[in-house]
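Contents: one structure, followed by commentary.
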Amino acid sequence: PAVTSPCKILKCNSEFWAATSGSHHLGAEEAPEFCTALRAYAHCTRRTARTCRGDLAYHSAVHGIDDLMVQHNCSKDGPTSQPRLRTLPPGDSQERSDSPEICHYEKSFHKHSAAPNYTHCGLFGDPHLRTFTDTFQTCKVQGAWPLIDNNYLNVQVTNTPVLPGSSATATSKLTIIFKSFQECVDQKVYQAEMDELPAAFVDGSKNGGDKHGANSLKITEKVSGQHIEIQAKYIGTTIVVRQVGRYLTFAVRMPEEVVNAVEDRDSQGLYLCLRGCPLNQQIDFQTVRAAQATEGRARRKGPSLPAPPEAFTYETAMAKCREKLPVEDLYFQSCVFDLLTTGDVNFMLAAYYAFEDVKMLHSNKDKLHLYERTRVLTPGNVAPTGTHPTLWVALLCLCWLCLL
């Protein structure tokens, strides 16, 4: 079912930016027109306050309005009609290529001599979460949940039921807020929803604004309506957002230094990419998968059990997932789980693209695949499950002695 948000903050944003396009080039005599548009913007946000209470883009807009009021010495009282100001002139900062060194993370942000350690987080499917510490979980997390919240950006996802009455959920909305950073970028908000994957921030721009380092934050459209990439070079971060079928996937590559840049470390437990889903929101899909396989075997032995409502049996789901995911790791198992749960083949593609993003974004190629018992595997996941490598060496030596 289509999800229609009653929050109209995007409309407020677009009206303000349409009214003030090019306002940073205005002379002092035109400042009152900017203040008029800003008051109209504030009035619009107040009208939608009740329905936008849990929306990150709304709260970002409210704080942004307050900052702009102070910067331009605008009075909160006065006319609120929206004059159409001048459009952006040719050669605006959208095309600016020069950036100060501080806006390049690898050159300036990390002050120590060691190379930065990059981490990865991804969310896809029903939904499945890979955290910055390579923990893999399947979660319920219906509604709005924070994925990332540090000193530089916030990411929030909204998950909705795939089918009426189903416990299966998928990501229907994504909001990313890049906070203003020194002389590099202005605050920017990106928002995507089901059937709407914009190739620009909510203000219509595709870079970090009017500062010298604007191009250290850029959006690139890889496939229209299906795949966008956001490069935030000033914090060494790459974000990939896809729409697969009707739902969204998220993947990020971020330096550990940026991940841990928070003012309130005690509240970090709320952020899914760092700490994972709360225990009461986690699903042990291996147990569910085993039950589904057992049910499938019982069904073959006799006609007593009814056929499942989904389009896939355990065997056909396994075969379908092998088409794109030949290695039976947790991405493969997630694919099987999602096909059995939803019957939607697009979830197989979501798992496939999630793994493709891991291959592109993860800095440790030995940790691309994850298996059910990752804690006892050596780097590269080559040791037999549950067996320590030292024990295997001892067994081989024993066998050799026996042969002598």
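The values are calculated or read from the model by the stated rules, or taken from the named source; none is laboratory data. For clarity, every value in this text was computed on a predicted model and none was experimentally measured. Quick reminder, even Gly has a Cβ in these numbers, built from the backbone with ideal geometry, and neighbours come from all protein chains shown. Ligands, DNA and RNA are stripped out before the accessible areas are found, and what is left, the full protein with its side chains, is counted by its heavy atoms. Shrake-Rupley method; radii C 1.70, N 1.55, O 1.52, S 1.80 Å.
Remarks
- Single condition Pro89 does not satisfy, out of (1) open to solvent by 30 Å² or more (accessible area, probe 1.4 Å); (2) modelled with pLDDT of 85 or more: (2)
- Candidate set: segment 172-227, residues that are in contact with a His (Cβ under 9 Å, 6 or more places away or on another chain) and polar (S, T, N, Q); chosen: the one most open to solvent (accessible area, probe 1.4 Å): Gln187
- Highlighted here are the helices (runs of 4 or more DSSP H) found entirely within segment 328-404 that include at least 2 residues which are modelled with pLDDT of 90 or more and surrounded by fewer than 18 Cβ atoms within 10 Å (Cβ to Cβ): 346-361.
- On the stretch given as segment 50-78, residues that are under 29 Å from the mean Cα position of the chain (by Cα), surrounded by 14 or more Cβ atoms within 10 Å (Cβ to Cβ) and part of a loop (DSSP other than H, G, I, E, B) total 3.
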